[in-house]
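Rule-based calculations on the coordinates, nothing more; no lab input. Remember, it's a predicted structure, so these values are computed and weren't measured experimentally.
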Amino acid sequence: MRKLFSNGLVVVAGALCLATPVAKSVPQYPPAPEYQEDPRLACLQQFFGQSDCPAVRFVPVFLQVADTYHLDWRLLPSISFVESTGGKQAPNNNFFGWDSGRAAFASPIAAIQAVAYQLATSSLYKNKKLDSLLRTYNPNADYARKVKSVMQSIAPTDTLE
């Protein structure tokens, strides 16, 4: 029942996002002033930039939602890298493979915001430790290891916290 309810919310959220007009080209967003000197900004820009990932344009958004929802700042970028190579293979702006890749978002920013919101507030994910959260996100036995490996390649856990 929870899964059905959660999927229904994603479909509704996706439908609402689709109603929003999307610009043809997606500009790179300058970081908010509080992120300009943040070492995480350069770290994520370097990580996505070295693989020429479209997600590099949204690094400030990744940081803002991580801080807003108290998520590990490396989590969403890592999931996006595992699921879509940082947006390279993201039909319907679904950088995260959300809803088994069926969800559609009006923009990458809408996807980042929606997935962060779900991870932080949905009873399926809220207050879970990383391994449990990732197991819920994707029950594939190897998935959590892949995401955590990407997180470590972005920055070891004891740096930039």
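Points to keep in mind about this one:
- Cα-based reach from Lys126 at 18 Å (exclusive), listing aspartates and glutamates while leaving out same-chain residues under 8 positions away: Asp67, Asp72, Asp99
- Averaging the Cα positions of each part gives two centres, and for region 78-133 and region 32-54 these lie 19 Å apart.
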